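Have a look at the structure below, then the notes.
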Amino acid sequence: MKIIKYYDALAKKYNELYNLNYMEDVERKIMSKYIKEDDLVLDIGCGTGRHLKYFKKAIGLDISLEMAKIAKKYNPVVVGNVEYLPFKNNSFDAVISFFGALNHCNIIRAFKEIRRVLKNDGIFIFTLANVYDIFWIIKNLKKPKKIFSAIKKRKGEIYKVINNKKYNVKTRFYSYKEIIKLLNKLNFKLEFSFGLSNIFLDKFFYNTPYKYISTYIGFVVRK
């Protein structure tokens, strides 16, 4: 319920709070390579629809009703939980999930559900907040205990102040190796991996070892 409350509160100011130009440039470049024009796409954690508007055939899914109300102008949107997707087996040609939506859920359950609704040979493209985010580490160099605690526990909290009221939500962080191990266990085939931090460097270094220390680690996998 806290996650829903957090994103409901953010909905109307989401686009104002998050300017994701550099990140979106790379995300769209990758999507255009792996997703065909006529593919049916599921956008998990679609938010205000920043990617939904680029697809001819797509369905958005978000846990927040307020987000869904905004995103539905681009494509149909379902309010739901990634751990219990309300779709039949083998429904989608591609599934996408960007900007850490998967950091708030049971990742194993979510991956299993995504694999279930993907067609055979379907594509899954996603990003997750990285526990080794070098920019966050540098920002907190004067707080070494905070850094070591975050890396050890793989957990943290994000918050925003909306209309003078503080909203917060817990999140979990992952490393590149953790996700690769999980993908292998669930029989996803890795096609490509990348790194994003929504900075100018993304355009030039997303496909380099930069991905291991970027703010978000991204994966393109096939069922």
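What follows draws every value from the coordinates through simple rules; no lab data is involved. Everything quoted here is computed from the prediction, not taken from an experiment. In this analysis, Cβ positions are derived from the backbone assuming ideal geometry, glycine residues included, and neighbour counts consider all displayed protein chains.
Within the range 118-149, restricting attention to residues that are among the aromatic types (Phe, Trp, Tyr) and crowded, with 16+ Cβ neighbours inside 10 Å, which residue is farthest from residue 190 (Cα to Cα)?
First, the residues of the range 118-149 that are among the aromatic types (Phe, Trp, Tyr): 124, 126, 132, 135-136, 148.
Next cut, crowded, with 16+ Cβ neighbours inside 10 Å only: 124, 126, 132, 136.
Details: 124: 10, 126: 12, 132: 21, 136: 27 Å.
Applying the filter and picking the extreme gives 136.
Look through the range 156-178, keep the residues that are among the hydrophobic types (A, V, I, L, M, F, W, C) and free of Cβ contacts under 8 Å to residues at least 60 places away in the same chain, and return whichever of them is nearest to residue 124 (Cα to Cα).
Keep residues of the range 156-178 that are among the hydrophobic types (A, V, I, L, M, F, W, C), which gives 158, 161-162, 169, 173.
Next, from what is left, pick out any that are free of Cβ contacts under 8 Å to residues at least 60 places away in the same chain: 158, 161.
Values: 158: 26, 161: 33 Å.
Among them, the one singled out is 158.
Scanning for something assigned to a loop (DSSP other than H, G, I, E, B), within 14 Å of the chain's Cα centre (by Cα) and buried (at least 16 other Cβ atoms within 10 Å of the Cβ), does the range 161-173 turn up at least one residue? Steps first, please.
Just the residues of the range 161-173 that are assigned to a loop (DSSP other than H, G, I, E, B), to begin with: 163-164, 173.
Next cut, within 14 Å of the chain's Cα centre (by Cα) only: 173.
Applying the additional criterion that residues be buried (at least 16 other Cβ atoms within 10 Å of the Cβ) yields 173.
Within the range 161-173 (the criterion being assigned to a loop (DSSP other than H, G, I, E, B), within 14 Å of the chain's Cα centre (by Cα) and buried (at least 16 other Cβ atoms within 10 Å of the Cβ)), the answer is yes, since at least one residue qualifies.
Could you identify the single residue in 56, 29, 36, 88 that is closer than 26 Å to residue 190 by Cα, within 17 Å of the chain's Cα centre (by Cα) and of a type outside the set (A, V, I, L, M)? Write out each step before concluding.
Values: 56 fails: within 17 Å of the chain's Cα centre (by Cα); 36 fails: within 17 Å of the chain's Cα centre (by Cα); 88 fails: within 17 Å of the chain's Cα centre (by Cα).
Going through 56, 29, 36, 88 in turn, the sole match is 29.
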> If you take the residues in the range 174-194 that are of a type outside the set (Asp, Glu), closer than 18 Å to residue 133 by Cβ and out of contact with any Leu (no Cβ under 6 Å at 6 or more places or on another chain), which one is surrounded by the fewest Cβ atoms within 10 Å (Cβ to Cβ)?
Replying inline: 177
> Restricting the first residue to the range 55-71 and requiring it to be within 18 Å of residue 34 (Cα to Cα), which pairs with a second residue that is part of a helix (DSSP H, G or I) meet a Cβ separation below 6 Å and a spacing of at least six or different chains?
Replying inline: 58/52
>> Among the residues of the range 5-22, what is the count of those that are within 19 Å of residue 58 (Cβ to Cβ) and in contact (Cβ under 8 Å) with a residue 60 or more places away in the chain?
In response: 1
> Within the range 180-210, can you find the residues that are without any contact (Cβ under 8 Å) to a residue 60 or more places away in the chain and either of a type in the set (Ser, Thr, Tyr) or assigned to a helix (DSSP H, G or I) (or both)?
Replying inline: 180, 181, 184, 185, 193, 204, 205, 208, 209, 210
> Looking at 38, 8, which is the one that is under 25 Å from residue 162 (Cβ atoms) and surrounded by fewer than 21 Cβ atoms within 10 Å (Cβ to Cβ)?
Replying inline: 8
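So, restricting to helices (runs of 4 or more DSSP H) that lie completely within the range 94-159, which ones have at least 3 residues that are under 17 Å from the mean Cα position of the chain (by Cα)?
Working: elements: 107-117, 134-139, 144-153.
Once the helices (runs of 4 or more DSSP H) in the range 94-159 are filtered for at least 3 residues that are under 17 Å from the mean Cα position of the chain (by Cα), what remains is 107-117.
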> Of everything in the range 42-59 that's closer than 17 Å to residue 117 by Cβ and charged (D, E, K, R), which residue is surrounded by the most Cβ atoms within 10 Å (Cβ to Cβ)?
Replying inline: 43
